[in-house]
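Take a look at the structure set out below.
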Amino acid sequence: MVVKEENGKRRIIRLELDHNHPLHPGNREQLFSGHKYMTEMEKEIIRTLNDNNIPTRQMISILSYLRGGVTTLPYKKKDVANFRTKLNRVITGSDMKEALNYFTKKKTKDPSFFYKFDVDEHLRVKNIFWRDAESLKYYAQYGDCVSFDTTYMTNRYNLPFAPFVGVIGHGHTCLFGCAFICDETIETFKWLFEAFIESMGGKHPATIITDQDATMKSAIQQILTGTKHRNCLFHIKTKCYNKNLKCFASNEGLPEEFEDIVGNSLTVQEFENLWTKMIADYKLEANKYFNKMWEMRERFIPVYFKDDFFPFLQTTARSESTNARFKNNVGPTYNITSFLKEYERIKTPKQMEFGYGIELQAMEMYNRNIFSKFMNELRATPRLSYKELEPQGHYEVWEKKNQVHSRHRTRKYIVVTDLTGGRDDYSCICSKFSKDGILCSHILKIMVETEVPKIPEKYIIERWRKKEKKMNQKILATSTETNDILRFNILSREATQLTSKGAKKDEAMQYLLEEFKRIGKNLENILSSTNTEPTEITAIAPPPAQENENTNESQLEYRQPLEDESNIQDPLTIKKKGRPEKPKRWKAMVEQEREKTKAKAKKKAKKAETSSKNLKLIQTQ
């Protein structure tokens with residue numbers, strides 16, 4: 001159709017009534033709204049996949065495979081997503097009851113399982129903490145160092161997720177406990193740390209690493225007395241680069257000097273001297289963030305913690321990787337029950353390289369991951385030189401200067417040994433053994449050069465040994481009762497074989513469906529005859545006010561049977577403090593400078609183009 005305007009009126013001057021395209025999209029007419037349908041079987045499959053937090057795109061792949069291809073699927077991804085939303089709405093208002101039932105069942109099966117609710121005066125849930133038996137076992141052995149961090153966007157209520165994370169004997173990350181908290185105030189963190197210590201039998205960690213949250217710091221000082229608190233180095237350095245981007249870009253050599261002083265200083269005096277010199281050399285006396293870093297240096301600079309046990313930890317990366325693991329399968333639209341289901345799912349011969357006796361001993365005693373870290377230190381020994389300062393066991397060790405990749409500043413490490421009177425003492429100024437629990441390359445260099453055949457037993461700590469090599473190994477009682485998940489897997493394999501055969505013919509499918517109904521009725525009879533009486537749940541609360549004047553009034557004591565759960569309420573949706581809805585990727589300094597250069601060049605080219613057009617316009621006039 002062509003329309004032309006004449007004398008202020010529009011007139012149709014041409015009209016084509018024939019269509020220039022097909023009236024339907026080939027073999028995709030099933031996508032019309034009147035042709036869309038979803039069978040009951042497919043709805044059950046989606047419900048099962050939804051319970052296991054399978055992403056919608058993967059659901060589409062599975063359903064299209066069962067249908068015989070994407071083109072035969074009579075609905076789209078949006079339709080599946082809408083059905084999932086409808087399923088999630090089913091438990092709206094009863095989310096906490098479902099979570100409470102989950103905790104109660106876990107407690108019935110495992111008496112060592114621990115959970116605690118914090119509610120307000122309207123019985124609306126504020127905070128939740130839980131810890132299972134595996135976490136208790138891990139904390140008993142490896143609870144001397146804890147990493148703690150919070151994250152948002154893991155549930156529909158915007159409750160921050162707060163996992164307590166540690167490092168087990170193989171160097172892997174383990175969960176000590178999990179929590180959802182309503183806010184990040186001092187009182188909330190105090191409640192959480194008290195619940196954590198209570199669940200672990202009163203045992204406090206020796207060290208803890210967190211971010212720079214001031215309320216978290218205050219709560220740790222009040223509750224975790226005697227625990228060495230450290231802030232995440234990565235976050236502070238990243239913030240420093242972001243706030244001083246132009247400063248680092250305009251001062252050549254400043255980034256290398258900064259990294260070397262922060263990460264490689266051997267003593268507190270060396271760090272303070274070099275830092276002061278760096279500030280003076282680059283005229284940074286008026287820089288607010290550098291001054292702030294200096295004031296809080298004892299909270300994050302590694303040299304201040306070199307004698308404290310932080311096994312391979314300088315950041316909260318382990319906590320953040322745990323958060324990311326959960327976020328892969330649960331998001332901001334999910335309920336607490338879906339998160340708990342996700343929580344349930346988280347849980348070669350070696351050859352000698354050098355032929356040293358200490359290498360063979362480490363291979364036999366250390367587990368695989370720690371042995372790999374030990375070998376990294378041992379491989380560094382050929383790049384080191386040494387000199388004996390005193391005949392009584394004082395050595396000076398340094399990196400050879402003919403290395404292709406050399407450090408920004410050459411340092412000499414002092415190694416002191418005491419082999420008199422049957423003593424086998426080794427110490428180095430870098431204090432790697434105190435910090436990580438394994439010997440440094442500087443001590444290993446002296447052992448290799450002085451032909452020490454064996455590492456003293458005290459330098460192979462219990463934490464990093466193989467299970468069979470542990471000196472104080474505890475024998476844990478095992479249960480012979482079959483686990484629910486194991487029973488489910490056994491039955492699933494058997495059922496899959498039957499359903500695969502039954503799907504070949506309609507007659508076989510109808511027969512199986514009738515048999516399933518009959519089996520279902522028999523199962524109901526078996527389960528109803530073995531049901532036990534409902535148990536009671538108890539929320540742990542502080543003693544009455546007359547016994548404890550500092551009792552928080554929002555913590556209420558209540559006891560009610562499972563059949564009367566209507567009082568407990570879901571938490572309120574809170575305003576999130578964490579990342580924005582669409583987080584921006586942190587960019588390196590070089591990348592940011594390149595983008596700025598491109599933007600300037602683009603702006604300049606656009607200005608030149610505009611000037612050229614204006615010049616041509618003037619010339620035509």
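Out of curiosity, is Asp118 of a type outside the set (Ser, Thr, Tyr), modelled with pLDDT of 85 or more and touching a strand residue (DSSP E or B) at 6+ places or on another chain (Cβ under 6 Å)? Yes; evaluated as a whole, the condition is true for this residue.
Taking the criterion of being outside any helix (DSSP H, G or I), at pLDDT below 80 and in contact with a strand residue (DSSP E or B) (Cβ under 9 Å, 6 or more places away or on another chain), the residues of the stretch 441-472 that qualify are Lys466, Met471. Within the option set Ile261, Ile236, Ile208, being of a type in the set (A, V, I, L, M, F, W, C), in contact with a Cys (Cβ under 8 Å, 6 or more places away or on another chain) and over 25 Å from Val119 (Cα atoms) holds for one residue only, Ile208.
Scan the stretch 173-187 and tell me whether some residue there is in a helix (DSSP H, G or I), farther than 18 Å from His204 by Cβ and open to solvent by 10 Å² or more (accessible area, probe 1.4 Å). There is at least one residue in the stretch 173-187 that is in a helix (DSSP H, G or I), farther than 18 Å from His204 by Cβ and open to solvent by 10 Å² or more (accessible area, probe 1.4 Å). When Asp118 is tested against the conditions (1) in contact with a Cys (Cβ under 9 Å, 6 or more places away or on another chain); (2) in a loop (DSSP other than H, G, I, E, B), the lone failure is (2). Within the stretch 41-59, can one find any residue that is open to solvent by less than 20 Å² (accessible area, probe 1.4 Å), among the β-branched types (Val, Ile, Thr), under 25 Å from Thr496 (Cα atoms) and at pLDDT 85 or above? Yes, that holds for at least one residue. What pairs come out if I take residues in the stretch 41-56 that are in the same structural domain as Arg67 (by the TED database) and on the phi > 0 side of the Ramachandran plot and pair them with residues that are surrounded by 18 or more Cβ atoms within 10 Å (Cβ to Cβ) and among the small types (Gly, Ala, Ser) whose C-beta lies under 8 Å away, six or more apart or interchain? Matching pairs, first to second residue: Asn53/Ser338. Check Pro74, Pro111 and return the single one that is assigned to a loop (DSSP other than H, G, I, E, B), open to solvent by 30 Å² or more (accessible area, probe 1.4 Å) and modelled with pLDDT of 80 or more. Answer to the check: Pro111. Residues in the stretch 516-524: is at least one farther than 30 Å from Met363 by Cα and modelled with pLDDT under 80? No: zero hits.
The values are calculated or read from the model by the stated rules, or taken from the named source; none is laboratory data. Keep in mind it's a predicted model, so treat the numbers as computed, not measured. Positions of Cβ are generated from backbone atoms using ideal geometry, with glycine treated the same way; all protein chains shown enter the neighbour counts. These area figures cover heavy atoms from the full protein model, side chains too; ligands, DNA and RNA do not enter into them. Shrake-Rupley method; radii C 1.70, N 1.55, O 1.52, S 1.80 Å.
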